[in-house]
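The values are calculated or read from the model by the stated rules, or taken from the named source; none is laboratory data. Just so it is clear, the structure is predicted and the values come from calculations on it, not from any experiment. Here Cβ is always computed from backbone atoms with ideal geometry, including for glycine, and neighbour counts include all displayed protein chains.
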Amino acid sequence: MDIDETPENSVDTDRMGDDIPTVEYNKKSIEAMGRDELVTFLDGIDNRVEALRKEAMKLQEERDILLTRIDMLKNTDVLSNLKEADQEEINLHLQRINERLQTVDINVQTVRDHSQIDSLNVINHLIDEIIKFGDPIVKRKKCQEYLNACSSNDFQYTMSFSSIESTTVTFIDKKFEGHLLGCTLDDQKRIKKRLEALLNYMAQQIIMYD
């Protein structure tokens, strides 16, 4: 089974940092700075910190996507179609990849209150449950409804009715939406990207097995 191992928003680690503004540091020049120059200097450091956080978050998102793909493979029926020896080989390969990925620890801290932590935990649980669904059509439909909650104008279902030639209806999982709104803005962005990657991967799987 061919799987694209490079996420759409992957980070080129060889070039990482090329676009991050450099903070010039010289002890003598800093000691001679006035108030306005110090503010400008600190603004430069602040810009670099923000750029560094963005790069780290991209890597964190890539790690999340890879973990999702591994979980999808663990919960798919494709392995059951292989010979027993082949199943064992693939499972061992999958385990090695997962163990290597677990050694990558990227921690960009997001300040959350207790309510936001609870909401994020529920969201993660709901997304994990999607992966365990057996029916790929139901799985994709539920993922789409979750994604609609993140951006109702971007993803829609088109349904046909006998009395109306075509009507566009957007289905949103209200439970998911309620918990999503309880998350921080940074978490909401990450959740949306995770769902987009998951939906795209499931669409590829459906095409492969049609």
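In region 78-89, which residues are assigned to a helix (DSSP H, G or I) and free of Cβ contacts under 8 Å to residues at least 40 places away in the same chain?
Once the filter is applied, which keeps residues that are assigned to a helix (DSSP H, G or I) and free of Cβ contacts under 8 Å to residues at least 40 places away in the same chain, region 78-89 yields LEU79, SER80, ASN81, GLU84, ALA85, ASP86, GLN87, GLU88, GLU89.
Hey, can you tell me all the residues within region 112-127 that are among the hydroxyl-bearing types (Ser, Thr, Tyr) and over 19 Å from ARG194 (Cα atoms)?
SER115
Please work out which residue is surrounded by the fewest Cβ atoms within 10 Å (Cβ to Cβ), limiting yourself to region 184-205 and to residues that are modelled with pLDDT under 90 and hydrophobic (A, V, I, L, M, F, W, C).
ALA203
Can you tell me which residue among LEU38, LEU92 is free of Cβ contacts under 8 Å to residues at least 24 places away in the same chain, surrounded by 11 or more Cβ atoms within 10 Å (Cβ to Cβ), over 25 Å from the mean Cα position of the chain (by Cα) and part of a helix (DSSP H, G or I)?
LEU38
Being at pLDDT below 90 and of a type in the set (D, E, K, R), is that true of even one residue in region 36-48?
Yes, there is a match, as at least one residue in region 36-48 is at pLDDT below 90 and of a type in the set (D, E, K, R).
Which one of ARG100, ARG140, ARG112 is touching a residue at least 24 places away in the same chain (Cβ under 8 Å) and within 20 Å of MET57 (Cα to Cα)?
ARG112
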